[in-house]
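What follows draws every value from the coordinates through simple rules; no lab data is involved. None of these values were measured; they are calculated from a predicted model. Every residue, glycine as well, gets a Cβ built from its backbone with ideal geometry; the counts of neighbours run over all protein chains shown.
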Amino acid sequence: MPVTAAFAVALAAGLDTAFAEPPSRVHPVALFGRLLSPANRSWPTPRLVGVALAVVAPLAFAGVAAAAVLVGAAVSPWAGAVLAGLVLFSVTSLRMLSDAARDVARAAESDLETARRELRALAGRDAAELDPAHVRSAAVESVAENLADGLVSPLLAFAVCAPFSLALAAAAAAWVKGVNTLDSMFGYRSNPLGWAPARLDDAVMWLPARLSAVCLAVSAGDPALAFSDRVRTLARRPPSPNSGWPMATMAAALPARLAKPGVYDLDPASDDAGTPLPTTTDAMQAVRLTTRAGLLAFALAGVVAWL
């Protein structure tokens, strides 16, 4: 079992490197989102519906993943491992995240309207009035935050559960991704359904966000950076209890100021001089740091799964 679990992680990493994402028409996460989208309407008891969604939808997604792996394992352990790897590939994302951030950073330098449009693939904020520096900042913030949401959290769930069962590991990774997807679809203050998905996501992401910060710090060559006094201070500025950790670590590692106008300002400088918003060079370095941190996360997940 340890060998097949590690193989599943390696398969997911290889598929991500080669293909980035499954085709959208058959992407399990995209299909999950499309199935849930009709729920995003007015309800007589929206909070109760939100709680039901938060409980049932991720569990159903996890059940499908577990069933697929169990069917494969009934044929052979290696068939089960391949299916577990495919599940993990479908619920993680590194290359697409890095490619999207790189494209936005490059476009911000020469074609601001294209950069603003492509930023939608990374961040939900309104980019219509953002200047090039703030577009680059949004891309850097998003690539750091999404390292936790899109990669570390499902990898952690898979690795922790793999010693017990490949089907359980695949289910855990899918469950975490289901929670993240619910939060991204409904977890806004303006959405009456959003309270339960947002609170559940906050709880699930507590550890992955901090592990992502450590991976970024290690990739930057300074493992202690993630828990330095400055990063801890900056991490508390965003309204989310979790997203500030990878973003603050990234800001300190570059160093560059990351800012969402009217919401937060993550300036790693400790004096009044201040740090500029990211240059194109800074943004490209952020992509490289994220890629290295993601590969480190894959490697660590493989080792834990092996053990």
Practice prompt. Tell me, rounded to the nearest percent, the portion of alpha carbon pairs in the chain spaced more than 24 Å apart.
Written response: 52
Worksheet, complete the sentence: If one builds a Gaussian network model of the chain from Cα atoms under 10 Å apart, the most fluctuating residue listed among Asn180, Asn146, Asn40 is Asn40
Practice prompt. Give me the angle, in degrees from 0 to 90, between the Cα long axis of helix 280-306 and the longest principal axis of the Cα atoms of the chain, rounded to the nearest 10.
Written response: 30
Item to complete: Take peptides 148-158, 108-118, 294-304, 131-141 and line them up by average Cβ neighbours within 10 Å, highest first, as a rough protection proxy.
Response: 148-158, 131-141, 294-304, 108-118
Worksheet item: Cα axis of helix 195-204 to longest principal axis of the chain: angle in degrees, 0 to 90, nearest 10?
Response: 90
Worksheet item: Hey, what angle do you get for helix 132-147 against the long axis of the chain, alpha-carbon based, 0 to 90 degrees rounded to 10?
Response: 30
Worksheet entry | Rg/Rg_ref, segment 1-146, where Rg_ref = 2.2 N^0.38 Å and atoms are Cα | 1.30
Worksheet entry | Environment charge of Ala107, counting only residues whose C-beta is closer than 14 Å and scoring Lys/Arg +1, Asp/Glu -1 | -1
Fill in: Built amide H within the under 5 Å cut-off of Leu277, gap 5+
Arg257
Item to complete: Read phi for every residue in segment 104-109 and hand back ³J(HN,Hα) as whole Hz from Karplus 6.51 cos²θ - 1.76 cosθ + 1.60, θ = phi - 60°, with x for Gly and Pro.
Response: 5, 4, 5, 5, 4, 6
